[in-house]
Amino acid sequence: MSVIVTDQGFAASDTAASLPEAEVLTLPSDTNPHEVDFSGASMVRVEFPSFADGRGFTIGLVLRQRGFTGRLRASGHVISDQYAMARRQGFDEVEISDELAARQPEEQWKFRANWQANDYQSRLRSA
C-alpha cells in the first residue's frame, strides 16, 4: 500500500487507481526526459529509487518545460525534506510507502507545504 502526499497532507485516495492503465506513464529514474512521448498520458509517475537520487527532479522539470500539463507524481523514496523541491520542479504530489509515512508523519510533510513562500527565487523577485 502507499500514501499520497499533497499540500493538504496525506490523501485518502489514489487518483492513479481510477485512471485507465494506458493513461498512466511510469518512468524510471534513468529515463531521458527529452525522449519521452507523454501524449495520451493524463498522469506521469516518476520513480525515485533512493532519496539520494535526484534525477527524478530533473525529469519532472523537463516534462513540464516540454508542455506536459497532466498530473505529475514523484513515487518512491522521497523524504519530507524534499517535498518543497518536488513541488517546485512541477510535481503535483508524492507517493510514499506506508513505512515511510509512519517514520515521517503527515505533520512533517505539511510543514513543507508552503513551498511557494519559502523559495529563494521568489524572495529575490519580491525584494
Report in % the part of the accessible area of the chain that belongs to carbon and sulfur, leaving out ligands and nucleic acids; probe 1.4 Å. 51 percent
Taking the simple approach of a point 7 Å from Cα along Cα-to-Cβ for both Asp53 and Thr69, what is their distance in nm? 3.2 nm
Mind checking the per residue accessible area of the chain for me, 1.4 Å probe, whole number of Å²? 56 Å²
Which residues in region 58-87 place their backbone N less than 19 Å from a point set 7 Å from the Cα of Asn114 along the Cα-to-Cβ direction? 80-87
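The values are calculated or read from the model by the stated rules, or taken from the named source; none is laboratory data. The model shown is predicted, which means the values in this text are computed figures rather than measured ones. We place every Cβ from the backbone using ideal geometry, glycine too, and count neighbours over all the protein chains shown. The protein model used for the area step is the full one, side chains on, heavy atoms only, and it has no ligands, DNA or RNA in it. Shrake-Rupley method; radii C 1.70, N 1.55, O 1.52, S 1.80 Å.
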